[in-house]
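Visitor: Provided herewith is a single structure, encoded as structure tokens, for subsequent inquiry.
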Amino acid sequence: MSQLFTPVRLGRLELPNRAVMAPMTRTRASNTGLQTPLAATYYAQRAGAGLIVTEAIAVSAQGHGYPATPGLWNEAQQQSWVPVFDAVHRAGGRIAAQIFHTGRSGHSSVFGEIVAPSAIPIRTGQARDANFQFVPFETPRELTTAEIPGIARDFASAARRAIDAGADAVELHAANSYLIDEFLRSGTNHRTDAYGKDRTRFLREVVEAVAAEIGADRTGVRFSPLGPWNDMSDENPLDTFSQAARAIRGIAYMHLVEAGGAEALTPALGEAFGGPVIVNGGYDLARSDAALQSGAAAVAYGVSYLANPDLLERFRRNAPLNTPDPATFYGGDERGYTDYPLLDLSRAA
Ligand SMILES: Cc1cc2nc3c(=O)[nH]c(=O)nc-3n(C[C@H](O)[C@H](O)[C@H](O)COP(=O)(O)O)c2cc1C
């Protein structure tokens, strides 16, 4: 039997299996950051995962630069998550809330102010404005040294709201070009203050603030060491992310997006972190087995969980997977969200 179906412990979390639903933004929330009731159905359908990680949730109005994405900076937003976490628990699952600040990757028409470690705009691709139209990225305002600790406090307060709403854990989104990632990588952090001399400093302050608020043993962090989206780059990713992995030692887990060939860095980063590692990026069952045998604690699946609520059951039976429909990934209604079919057990082998 595959190790995927065996239990594992990540900090305080006891997972009955090692399959994780990767965080996926579905842009079906309100522009004021309220989660929809339909999200409870969507996530509960996927509660067979050892752990679900939610779509990214903004920690503050300033960090809410994507249209139709949820937030966790006020009471109404917190309450909008209660039915979701409840539904997952009633279905027997566990769920971590992924929290983020969109940094320079958002658009100011949504809510947020476009800020970043340095005033360097994204030059390729386009932002989405509040009406879902593609528009040029804006030049971010460089954050002052004095205001940065307040953003770490925003992460801690959103983490508290997530736990109070019923989440089992919180994942800090330090991947895919958002604010923490922008501080980490040399292409986006040209600062000369303490946050530039040590590019892991902001990450460390966020982790410390969140861990003090909810406990290190239910705090996870996600990195994408070679993720290229939104013009991200670093002059020495192995060195940068080894330092970042060391900076978060002692938390529940480290989650690595292996895009861009980053699986080559995973063993070194796992060693630097010294705790459970979740790997992600194009995994099928065979590759998952290999990763678990090489020491990964769990494997996260994005698109395949999106399109297969019963993904683990399909893996168990070696059954075919549904085809994902990219046209309904972002925005819209229940189509492509809660209507992917379950395996027809009367026909499965
Ligand atoms: C529709 C969609 C939305 C995504 N949103 C997020 C997100 O909110 N946070 C995040 O960390 N990654 C996000 N990702 C990346 C996925 O978590 C995952 O890293 C990626 O899909 C690669 O894994 P896969 O090959 O198993 O799909 C998103 C991916 C997709 C397809």
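Visitor: Would you check if residue 40 is in contact with a helix residue (DSSP H, G or I) (Cβ under 6 Å, 6 or more places away or on another chain), open to solvent by less than 10 Å² (accessible area, probe 1.4 Å) and more than 9 Å from the ligand (Cβ to nearest atom)?
Guide: no
Visitor: May I pose another question? Being under 27 Å from residue 286 (Cα atoms), away from the ligand (no atom under 14 Å from the Cβ) and open to solvent by 40 Å² or more (accessible area, probe 1.4 Å) is the filter here, so list the residues in region 319-338 that pass it.
Guide: Within region 319-338, just 320 meets the criteria.
Visitor: Among the residues of region 105-127 satisfying the criterion of being touching a Phe, Trp or Tyr at 6+ places or on another chain (Cβ under 7 Å) and either in a loop (DSSP other than H, G, I, E, B) or of a type outside the set (A, V, I, L, M) (or both), which is farthest from residue 143 (Cα to Cα)?
Guide: Going through the qualifying residues, I end up with 126.
Visitor: Tell me whether region 104-113 contains one or more residues that are open to solvent by less than 50 Å² (accessible area, probe 1.4 Å) and under 29 Å from residue 10 (Cβ atoms).
Guide: yes
Visitor: Could I ask something else about it? Of everything in region 86-123, what is polar (S, T, N, Q) and away from the ligand (no atom under 16 Å from the Cβ)? Give them in sequence order.
Guide: 108, 109, 118
Visitor: Would you mind finding the one in 107, 173 that is touching a strand residue (DSSP E or B) at 6+ places or on another chain (Cβ under 8 Å) and closer than 23 Å to residue 225 by Cβ?
Guide: Going through 107, 173 in turn, the sole match is 173.
The rows are residues; the columns are (1) under 25 Å from residue 212 (Cβ atoms); (2) surrounded by fewer than 21 Cβ atoms within 10 Å (Cβ to Cβ).
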| site | (1), (2) |
| --- | --- |
| 233 | no, yes |
| 242 | yes, yes |
| 246 | yes, yes |
| 252 | yes, no |
| 257 | no, no |
| 260 | no, yes |
| 271 | no, yes |
| 275 | yes, yes |
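Visitor: For residue 310, which of the numbered conditions (1) open to solvent by 20 Å² or more (accessible area, probe 1.4 Å); (2) over 30 Å from residue 344 (Cα atoms); (3) in contact (Cβ under 8 Å) with a residue 40 or more places away in the chain fails to hold?
Guide: Exception for residue 310: condition (2).
Visitor: Right, another one. Could you say which residue among 51, 72, 34 is in contact (Cβ under 8 Å) with a residue 40 or more places away in the chain, open to solvent by 40 Å² or more (accessible area, probe 1.4 Å) and within 27 Å of residue 230 (Cβ to Cβ)?
Guide: One residue alone meets the criteria, 34.
Visitor: Still on this structure: Which one of the conditions (1) closer than 24 Å to residue 12 by Cα; (2) within 14 Å of the ligand (Cβ to nearest atom); (3) without any contact (Cβ under 8 Å) to a residue 40 or more places away in the chain does residue 281 fail to meet, given that it meets all the rest?
Guide: For residue 281, the exception is condition (1).
Visitor: Considering only helices (runs of 4 or more DSSP H) fully contained in region 137-227, which possess at least 2 residues that are open to solvent by 20 Å² or more (accessible area, probe 1.4 Å) and either at pLDDT 95 or above or within 16 Å of the ligand (Cβ to nearest atom) (or both)?
Guide: 148-165, 194-197, 201-214
The values are calculated or read from the model by the stated rules, or taken from the named source; none is laboratory data. Here the structure is a predicted model, which means the values were calculated and not measured. When we count neighbours, we look across all protein chains shown, and the Cβ atoms used for this are built from the backbone with ideal geometry, even at glycine. All accessible areas refer to the heavy atoms of the entire protein, side chains included, with ligands and DNA or RNA removed. Shrake-Rupley method; radii C 1.70, N 1.55, O 1.52, S 1.80 Å.
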